Amino acid sequence: MTEPGIETDQAKKSGLAVGVLSMWEAFAQGLGTNGPAAVTALFFVSIAGLVGGSLPFVLILAFLIYAGMTLITYEWSKEVASAYSWAAFHKRGFKRVGGFFSFFGGLTYWYYYLLGYTGFAMLGLSSFLYVLFPSVTAQYPWLWMPIITIVIIETTALAYFGIKISMRYILYTGMAEVIFLVITSIIFLVIGGPRNTGVVFTAIPVGNNFTLIFVAMMLGIATFGGINSIVPVAEETRNPKRNVPIALVTLASIVGFVLILNAYSQTILFGISNMFNYATLPDPGVTLYLKYLGLAGGVLLIIFVINSFNTSGVSFETSTIRTVYGYARDGVFFPKSFTKINKHKVPGNVVIFTGVLSLVIAIIAGLVMGPFLASIFLILSNSVFSFFNHALAGIELSVYHRRNKDLKIFRHLVIPWVTAIMIFIAIIYVVYPAPPAPLKYSAWVAGIYAVFVIVTYFYYKSRSPEKLEKIGEFSL
């Protein structure tokens with residue numbers, strides 16, 4: 001079914017279930033990808049390990065940058081509604097080199113979604129469970145592999161049977177998760193009493209070492225990652241150029257508030273000076289909830305964290321599938337067989353391919369580094385491309401609107417360019433001063449993939465230049 005204003009032939013060209021998602025169901029796609037409860041279990045630990053009690057400060061700074069990134073996506077989503085969204089954004093940016101950036105941007109965002117699925121959702125879940133039951137995992141150190149296999153099969157099955165059922169599952173459980181985090185955070189603030197302080201919103205807890213603050217910013221920004229993954233389901237959203245922007249703003253506001261509030265409440269309750277110890281504990285959030293909210297609070301957190309990783313897997317896989325489908329539909333990079341739509345209006349072959357490839361990546365990375373370290377490694381590696389594409393899209397936004405003679409100085413020029421500069425600084429700090437090995441190699445892996453994409457582009461340019469002209473063109 002299509003909304004008024006969306007032509008039937010456009011829906012047929014899309015091939016997907018055009019117009020089946022409401023604004024709130026599109027919102028769920030980004031909420032699931034972010035996985036707020038899962039973020040508190042994985043990212044809070046990693047960031048606290050770098051900056052201790054300045055965890056809330058890093059998140060505040062990171063959210064300001066991510067808000068700028070969301071504005072960039074918001075503005076583009078009013079212009080474009082496409083499954084391979086970032087390829088379509090770049091195509092409309094720089095005219096002369098738009099084809100290259102469209103090819104490069106879309107495929108590097110596929111890398112982001114794919115490694116988000118394997119790194120954050122799958123390996124993140126297994127590492128959470130791995131330390132939750134240390135005696136079991138000590139006896140069965142290989143247990144994370146069947147866990148990942150089972151969850152990938154489950155999330156792939158959800159993706160195969162249609163987008164609406166997946167998004168409704170994420171919406172209902174995700175909003176319950178958000179409500180739980182807000183209520184428990186407020187309880188922690190009350191329990192904290194006189195320990196509430198604004199010091200945690202400064203660099204004082206880390207000795208005003210801003211190098212550490214900037215090194216942690218990459219993970220800080222990634223904490224809010226996934227919010228903008230609403231855009232790959234634009235073709236399946238009703239009135240997408242209105243509802244997708246609304247969903248983006250709504251989601252960014254909710255997730256930003258919830259994560260900063262929870263980080264603050266955990267920090268003041270655990271103790272500002274103890275936050276480096278927080279990072280050494282297995283599942284410190286669970287420890288905190290058990291101590292102050294009893295068994296019921298701890299068990300509920302565990303349930304929400306597990307479900308959060310699972311919904312993140314569903315959403316990341318959804319984005320991965322749509323990006324691949326967009327390229328296959330244009331006859332580039334992926335085989336034409338990937339355009340086959342099943343009876344649930346989903347590219348079934350792409351779903352299966354994504355599930356198998358993700359399983360291979362997760363198993364190999366986990367065997368080499370262990371599930372937790374592999375999770376952080378893949379997140380850092382894929383974040384480079386998310387940041388780069390946002391920065392580029394921000395610069396393109398001013399070019400695009402200037403060309404169309406409807407440039408708004410503040411939202412099309414000032415905010416996007418300032419955001420782009422801050423993003424490039426964050427990327428630099430992944431390379432130098434880099435995190436300790438093996439995490440510092442995450443940027444190298446991203447670089448190797450970038451070279452591969454560039455070489456592939458010039459291969460197409462020499463052999464089938466007409467195919468490159470299609471990339472990024474499709475939009476409802």
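So how do 86-96, 219-229 stack up, highest first, on mean other-Cβ count within 10 Å? Mind dumping the intermediate values first?
Details: 86-96: 23.4, 219-229: 27.5.
Ranked from most to least packed, the peptides come out as 219-229, 86-96.
Kindly report the accessible area of the range 34-97 per residue (heavy atoms of protein chains, probe 1.4 Å, no ligands, DNA or RNA), in Å².
I get 22 Å² per residue for the range 34-97.
Express the carbon and sulfur contribution to the solvent-accessible surface of the chain as a percent, rounded to the nearest whole number, probe 1.4 angstrom.
Values: 12430 of 17730 Å².
Heavy-atom surface of the chain belonging to carbon and sulfur, 1.4 Å probe: 70 percent.
Looking at the square roots a ≥ b ≥ c of the eigenvalues of the Cα gyration tensor of the range 213-287, which shape do they give, rounded for a/c under 1.5, prolate if a/b is larger than b/c, or oblate? The partial results should precede the final answer.
Details: a/c = 3.12, a/b = 2.67, b/c = 1.17.
In terms of gyration-tensor shape, prolate.
Which angle between 0 and 90 degrees, to the nearest 10, do you get for helix 36-51 versus the longest principal axis of the chain when only C-alpha atoms count?
70 degrees
Any idea what angle helix 98-115 forms with the longest principal axis of the chain, computed on alpha-carbon atoms, 0 to 90 degrees, nearest 10?
The helix 98-115 is inclined about 40 degrees to the chain.
Would you mind checking which residues have amide H under 5 Å from Leu21's amide H? H placed 1.01 Å from N; only 5 or more apart, or other chain.
Thr237, Arg238
Given Cβ point charges of +1 (Lys, Arg) and -1 (Asp, Glu) and nothing else, what value in debye, to the nearest 20, does the dipole of the range 311-458 about its Cα centre take? The partial results should precede the final answer.
Details: 12 positive and 4 negative charges, 108 e Å.
So the dipole magnitude of the range 311-458 works out to roughly 520 debye.
Roughly how tilted is helix 442-463, in degrees to the nearest 10 and between 0 and 90, from the longest Cα axis of the chain?
0 degrees
Compute the whole-percent fraction of alpha carbon pairs in the range 347-476 spaced more than 26 Å apart. Can you show the working numbers first?
Details: 3753 of 8385 pairs.
Above the 26 Å cut-off, the range 347-476 has 45 percent of its Cα pairs.
Based only on the alpha carbon positions, what is the Kirkwood hydrodynamic radius of the chain, in angstrom? Intermediate results must be reported in sequence, preceding the final value.
On the way: mean 1/r = 0.0449 Å⁻¹.
Taking the inverse mean of 1/r over all distinct Cα pairs, the chain comes out at 22.3 Å.
Quick check on the range 61-128: take the gyration tensor over C-alpha atoms, sort the square-rooted eigenvalues as a ≥ b ≥ c, and tell me if it's rounded (a/c under 1.5), prolate or oblate.
Working: a/c = 2.61, a/b = 1.56, b/c = 1.67.
Taking the square roots of the gyration eigenvalues as a ≥ b ≥ c, the range 61-128 is oblate.
Can you pull out the trypsin sites (Lys or Arg not before Pro) in the range 323-365 whose DSSP state is coil and whose Cβ has at most 15 other Cβ atoms within 10 Å? Intermediate values should be presented prior to the final figure.
On the way: sites: Arg329, Lys336, Lys340, Lys343, Lys345; in loops: Lys340, Lys343, Lys345.
Taking the range 323-365 and a limit of 15 other Cβ atoms within 10 Å, the loop trypsin sites (Lys or Arg not before Pro) found are Lys340, Lys343.
Rolling a 1.4 angstrom probe over the protein heavy atoms, how many square angstrom per residue are accessible across the range 156-291? Walk me through the numbers on the way to the answer.
Values: 4940 Å² over 136 residues.
I get 36 Å² per residue for the range 156-291.
Taking only C-alpha pairs under 8 Å that are 6+ residues apart, what is the relative contact order of the chain in percent? Before the final figure, lay out each step's value.
Details: 788 pairs, mean separation 163.7, N = 476.
Relative contact order comes out at 34 percent.
For the range 318-476, report the accessible area per residue in Å² (1.4 Å probe, heavy atoms, rounded to an integer). Let's see the in-between values first.
Numbers: 7310 Å² over 159 residues.
For the range 318-476, the per-residue accessible area is 46 Å².
Name the shape class, rounded, prolate or oblate, that the alpha-carbon gyration tensor gives for the range 174-213, where a ≥ b ≥ c are the square roots of its eigenvalues, rounded holds for a/c under 1.5, and otherwise prolate holds if a/b is larger than b/c and oblate otherwise. Intermediate results must be reported in sequence, preceding the final value.
Details: a/c = 5.52, a/b = 1.73, b/c = 3.18.
Oblate is the answer for the range 174-213, as a/c is 1.5 or above yet b/c matches or exceeds a/b.
Based solely on its DSSP helices, what 222 nm [θ] is calculated for the chain when runs of n ≥ 4 H residues each add -39,500 (n - 2.57) and the sum is averaged over all residues, nearest 500 deg cm²/dmol? Walk me through the intermediate numbers first.
Details: 19 runs with 338 residues, N = 476.
Here the helix-only value at 222 nm equals -24000 deg cm²/dmol.
Pairs of alpha-carbon atoms within less than 8 angstrom and 6+ residues apart define the contacts here; what relative contact order does the range 319-476 have, in percent? Intermediate results must be reported in sequence, preceding the final value.
Values: 113 pairs, mean separation 32.1, N = 158.
Contact order relative to length: 20 percent.
How big, on average over all directions, is the shadow cast by the Cα convex hull of the range 183-308, in nm²? Could the numbers behind the result be given before it?
Numbers: hull surface 38.7 nm².
Its average projected convex-hull area is 9.7 nm².
Can you find, among Thr118, Phe201, Leu181, the residue sitting farthest towards the positive end of the charge dipole of the chain, where Lys and Arg contribute +1 and Asp and Glu -1 at Cβ?
Toward the positive end, the furthest listed residue is Thr118.
Set the bar at 19 Å for Cα to Cα. Now go through Lys91/Lys241; Lys13/Lys343; Lys241/Lys467; Lys91/Lys461; Lys95/Lys336 and name every pair that lies beyond it. Show your work: numbers first, answer last.
Working: Lys91/Lys241 17 Å; Lys13/Lys343 16 Å; Lys241/Lys467 27 Å; Lys91/Lys461 16 Å; Lys95/Lys336 27 Å.
As for pairs spanning more than 19 Å Cα to Cα, those are Lys241/Lys467; Lys95/Lys336.
The values are calculated or read from the model by the stated rules, or taken from the named source; none is laboratory data. Everything quoted here is computed from the prediction, not taken from an experiment. Cβ coordinates were reconstructed from backbone atoms using ideal geometry, including for glycine residues, and neighbour counts include every protein chain displayed. With ligands, DNA and RNA removed, areas are computed over all heavy atoms of the protein, side chains included. Shrake-Rupley method; radii C 1.70, N 1.55, O 1.52, S 1.80 Å.
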